[in-house]
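Have a look at the structure below before the remarks.
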Protein chains: 2
Amino acid sequence: MSDLKAWLKQRQEEVDSALNAYLPRKNASPKTIHEAMRYSLFAGGKRLRPIICLAAAEACGGEYDDAIAPACAVELMHTYSLVHDDLPCMDDDDLRRGRPTSHVVYGEGIAVLTGDALLTEAFLILADTPSNKRYSTKDYLEEFAFAGGSRKLIGGQILDLEGENKPLKKAQLVKIHEAKTAALLTSSLRLGGMAGNATPKKLQALTDFGMNTGLAFQVIDDILDVTQSTEKLGKTAGKDENVNKATYPSIVGLDASRKEAQRLTRKAMKALDAFPGKKADRLREIAEYLLNRDY
Amino acid sequence: MSDLKAWLKQRQEEVDSALNAYLPRKNASPKTIHEAMRYSLFAGGKRLRPIICLAAAEACGGEYDDAIAPACAVELMHTYSLVHDDLPCMDDDDLRRGRPTSHVVYGEGIAVLTGDALLTEAFLILADTPSNKRYSTKDYLEEFAFAGGSRKLIGGQILDLEGENKPLKKAQLVKIHEAKTAALLTSSLRLGGMAGNATPKKLQALTDFGMNTGLAFQVIDDILDVTQSTEKLGKTAGKDENVNKATYPSIVGLDASRKEAQRLTRKAMKALDAFPGKKADRLREIAEYLLNRDY
């Protein structure tokens, strides 16, 4: 595990460096938007999505250079979704990754435009993904735009907003988690796999791994929101309960939630049997790490 | 001109029909977002950007099928930018195309997500543009994402917000108009040209035509904001003055503004000399029509 932590840290630095190179300079005109884009993007994120994108490419025999563009693109899409979700008209959150959110620093109008700009820039960066024997820019674009669109990522946020102050059944909550969290995690893996010239069988394995890890990830997030402090999380703790939002623990209890996260992670691991030898070991380690994280 | 009006109407109907086919069904889950996307997209827009995209493709020898996907994509990007610009935290406008704006009908949170969804869907539709000898999905994607990004469309809105209540020089206003209006109009023409397999020379001609027509378009918009009624415009008239926003007429006066729009249109026409015979006649007619419009 200490080896994993060092590896994650190194990958995080590589991703940060690539993001820095892809983004317009801080003083490019208009300065406000480029400064605000960087403020939210370089706020100490764990770079989970880019790292699993790179790991998926390597599991398929691809290299860092094949997948660094989609890795950066998914991080921009993730960051845009946080900037917009934190707005007063949505989840109304002042704190993210331990710092004041975009609209607190720059005002709501600029925060909306910053999210828009991060989303648009994500697509510009995606265009830099090299084509290979099986996949081209058209495939990457369709994959990415669908995962980020009204039926997945954005649809999940809609269901989430509409679910506040309502008693939800477990199946409804799972649907929200799938769209809001698992879809982009899965797409990060799929884009990495595609950039790594994955066979259809391996791409399916990455998809199954992603859906299950993604659902486990959100169950753990719900647990941590109840059990951890704001300081530890770097975002407002107890938030779900405050806005009367249904969560996994609120529906099935803490113990059953932990068991569900374990079950989903086992299922995710099983999917990785499609990869020979040690090829997918980093993905296995990451799934284990995400299950046991405390922030 | 009556021939042009009939042709524009027919094109508008073709575009509406294609948009309807591309968009997720109104009752696709989650219903709220898909209904809201359609509410803003089918609000009786003139479809100017899609129509010039199609006309540019045809001027280059391409066909309707080559350019209908980018034509729809630019309309979605235009509509998303209106939905976000109308938000209370931006231009705070209640009326657009004669109807209540998205946030008035659905609330601010849903309106932000609706804009996000239209933008993301625009990229999904763009992926449907056929590649040809000179251009591929990668080219279309780079063109589109750059025009919509922080240095162009979004940058223009930032400059616009920052310019409120400040005395602007003419050069600063032109810079805002270029980014906010001319960039996406130009990109509509360029995408159409690229989809129509344009030679580099013709693509440059479309670019010059677009920049000049785009600037003329915004000067006319500024004039109409002063001289026409809210009823006629379908959006709040006198808006610029109310928020103390610098406009072309406020800087150089109405007469000089009209002359400037004429000069820009003549320059735009000149660029079309690169097209032989009648190939670019529709673009010429549209430029003339835009110059003389009264709403």
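The values are calculated or read from the model by the stated rules, or taken from the named source; none is laboratory data. Computed from a prediction, not measured in an experiment: that's the story for all the values here. Cβ: placed from backbone, ideal geometry, glycine included. Neighbour counts: every protein chain shown.
Please verify whether B:D116 is crowded, with 23+ Cβ neighbours inside 10 Å and among the acidic types (D, E), treating the condition exactly as stated. Taking the combined requirement at face value, the residue satisfies it.
Mind listing whichever residues of the range A:89-114 are more than 9 Å from chain B (Cβ to nearest Cβ) and either among the basic types (K, R) or at positive phi (or both)? Within the range A:89-114, A:D92, A:R96, A:R97, A:G98, A:R99 meet the criteria. Apart from one condition, B:T186 fits all of (1) crowded, with 19+ Cβ neighbours inside 10 Å; (2) without any contact (Cβ under 8 Å) to a residue 60 or more places away in the chain; (3) within 8 Å of chain A (Cβ to nearest Cβ); (4) not basic (K, R); the exception is (3).
Considered as a group, the residues in the range B:227-253 that are farther than 21 Å from B:A171 by Cα and in a helix (DSSP H, G or I) include one that is modelled with the highest pLDDT, and that residue is B:T227.
Among the residues of the range B:77-92, how many are within 14 Å of the chain's Cα centre (by Cα) and in contact (Cβ under 8 Å) with a residue 60 or more places away in the chain?
Looking only at that region, the number is 4.
Give me the residue from the range B:132-144 that is hydroxyl-bearing (S, T, Y) and within 8 Å of chain A (Cβ to nearest Cβ) and, out of that set, surrounded by the fewest Cβ atoms within 10 Å (Cβ to Cβ).
In this case the residue turns out to be B:S136.
Among the residues of the range A:168-226, those identified as part of a helix (DSSP H, G or I) and β-branched (V, I, T) are A:V174, A:I176, A:T181, A:T186, A:T207, A:T213, A:V219, A:I220, A:I223, A:V226. Each residue in the range A:156-175 was checked for being buried (at least 23 other Cβ atoms within 10 Å of the Cβ) and within 11 Å of chain B (Cβ to nearest Cβ), and 3 of them qualify. Residues in the range B:29-80 that are touching a Pro at 6+ places or on another chain (Cβ under 7 Å), closer than 23 Å to B:S150 by Cα and within 14 Å of chain A (Cβ to nearest Cβ): 2 in all. A:L153 falls short on exactly one of the conditions (1) buried (at least 24 other Cβ atoms within 10 Å of the Cβ); (2) more than 15 Å from the chain's Cα centre (by Cα); (3) more than 7 Å from chain B (Cβ to nearest Cβ), and that condition is (2). The lone criterion from (1) surrounded by 22 or more Cβ atoms within 10 Å (Cβ to Cβ); (2) in contact (Cβ under 8 Å) with a residue 60 or more places away in the chain; (3) in contact with a Phe, Trp or Tyr (Cβ under 7 Å, 6 or more places away or on another chain); (4) not hydroxyl-bearing (S, T, Y) left unmet by B:L4 is number (1).
Evaluate the following for A:R258: is it farther than 29 Å from A:G163 by Cβ, out of contact with any Gly (no Cβ under 7 Å at 6 or more places or on another chain) and surrounded by 14 or more Cβ atoms within 10 Å (Cβ to Cβ)?
No; evaluated as a whole, the condition is false for this residue.
Residue count for the range A:120-131, restricted to those that are facing another protein chain (nearest Cβ under 8 Å) and among the charged types (D, E, K, R): 1. Looking at the range A:5-22, is at least one residue part of a loop (DSSP other than H, G, I, E, B), at pLDDT 95 or above and within 30 Å of B:Q157 (Cα to Cα)? No, that holds for no residue. Inside the range B:17-28, residues that are more than 14 Å from chain A (Cβ to nearest Cβ) and either over 17 Å from B:L82 (Cβ atoms) or in contact with a His (Cβ under 7 Å, 6 or more places away or on another chain) (or both) make up a count of 4.
One residue stands out among those in the range A:44-68 that are at pLDDT below 95 and in contact with a helix residue (DSSP H, G or I) (Cβ under 8 Å, 6 or more places away or on another chain): the one that is surrounded by the most Cβ atoms within 10 Å (Cβ to Cβ), which is A:G45.
Of all residues in the range A:91-111, those that are in a loop (DSSP other than H, G, I, E, B), of a type in the set (K, R) and touching a helix residue (DSSP H, G or I) at 6+ places or on another chain (Cβ under 7 Å) total 0. The set of residues in the range B:128-141 that are under 17 Å from B:S188 (Cβ atoms) and either assigned to a loop (DSSP other than H, G, I, E, B) or more than 18 Å from the chain's Cα centre (by Cα) (or both) comprises B:D128, B:T129, B:Y135, B:D139. Residues B:A147, B:A117: which one is of a type in the set (A, V, I, L, M, F, W, C), more than 7 Å from chain A (Cβ to nearest Cβ) and part of a helix (DSSP H, G or I)? After applying the criteria, what remains is B:A147.
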